[in-house]
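Chemist: This structure is in structure tokens; I'll ask about it shortly.
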Amino acid sequence: TNDTLSELEAEIWPMLTREMNAINFNQDLFERVKTVYSQRDRLGLDEQDARLLELVHREFVRNGADLSPEVKTEVAAINEELSGLTTKFGRNLLLSTKAFKIEVTDEAELVGVSDDFKSALKVDGEDKWVLT
């Protein structure tokens, strides 16, 4: 990941979250799903279609489609905040992982590490090994 991708992620995730909220909270769409779901026993669905319908209905309900408009507004705001925080956390985690470095100055601490690996970690001209 580079800085450009990271910046794009921070810009795109909130937009994607807003779009997902618009789909999940679309009352007309949910009413159609709910209607089909309530008639599922009379539709002659095969096992896969019945399972797909069950999963789609469950996803709408779990995402808040059946909530009141006031609560949907609150959930949408929470979703957007979580989206931003998740992106920020991922970015911070990546930066701290990239910044990680451990220096070993006592070769006894490298017992069990292959000679090839120790050679790759060895700092030229110094008596230390650096793992990043």
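Chemist: Just the number, please: Stokes-Einstein D of region 34-115 in µm²/s, Kirkwood Rh from C-alpha pairs, 10 °C, 1.306 mPa s.
Modeler: D = 88 µm²/s.
Chemist: If you don't mind, there's one more thing I want to ask. Suppose a student asked you for the relative contact order of the chain, using Cα pairs under 8 Å spaced at least 6 residues apart; what percent would you report?
Modeler: 26 percent
Chemist: Could you tell me, in Å, what Rg and Dmax come out for the Cα atoms of region 90-131?
Modeler: 12.7, 37
Chemist: While we're on this one: Can you give me the accessible area per residue for the chain, using a 1.4 Å probe, in Å²?
Modeler: Here the residues of the chain average 76 Å² of exposed surface.
Chemist: Could I ask something else about it? Mean Kyte-Doolittle of at least -0.5 plus a Cα span of 15 Å or more along the axis: flag which DSSP H helices in the chain meet both, please.
Modeler: Answer set is 3-24, 69-99.
Chemist: Once neighbouring chains are kept in place and the probe is 1.4 Å, which whole percent of the accessible area of region 27-123 is contributed by carbon and sulfur? Don't skip to the end; give the middle numbers.
Modeler: Numbers: 4070 of 7420 Å².
Ligands and nucleic acids excluded, carbon and sulfur give 55 percent.
Chemist: Cross-link partners among aspartates and glutamates for LYS98, C-alpha distance below 20 Å, same-chain residues fewer than 8 apart left out?
Modeler: Output for LYS98: ASP3, GLU7, GLU9.
Chemist: Could you tell me how far the Cα centroid of region 93-118 sits from the Cα centroid of region 23-74, in Å?
Modeler: 52 Å
Chemist: When averaged across all projection directions, what area in nm² does the alpha-carbon convex hull of region 1-43 cover?
Modeler: The orientation-averaged projected area of the Cα hull of region 1-43 comes to 4.4 nm².
Chemist: May I pose another question? Which lysines have a Cα less than 18 Å from the Cα of LYS34, not counting those fewer than 8 places away in the same chain?
Modeler: Partners found: LYS72.
Chemist: I've got another one for you. Run lengths n ≥ 4 of DSSP H only: what is the helix-derived mean residue ellipticity at 222 nm for the chain, with -39500 (n - 2.57) per run over all residues, to the nearest 500?
Modeler: -22500 deg cm²/dmol
Chemist: How would you order 47-56, 99-108 from highest to lowest mean count of nearby Cβ atoms within 10 Å?
Modeler: Ranked from most to least packed, the peptides come out as 47-56, 99-108.
The values are calculated or read from the model by the stated rules, or taken from the named source; none is laboratory data. Because the structure is predicted, anything quoted here is derived from the model rather than measured. Ideal geometry is used to build each Cβ from the backbone, glycine not excepted, and the neighbour counts take in all protein chains shown. With ligands, DNA and RNA removed, areas are computed over all heavy atoms of the protein, side chains included. Shrake-Rupley method; radii C 1.70, N 1.55, O 1.52, S 1.80 Å.
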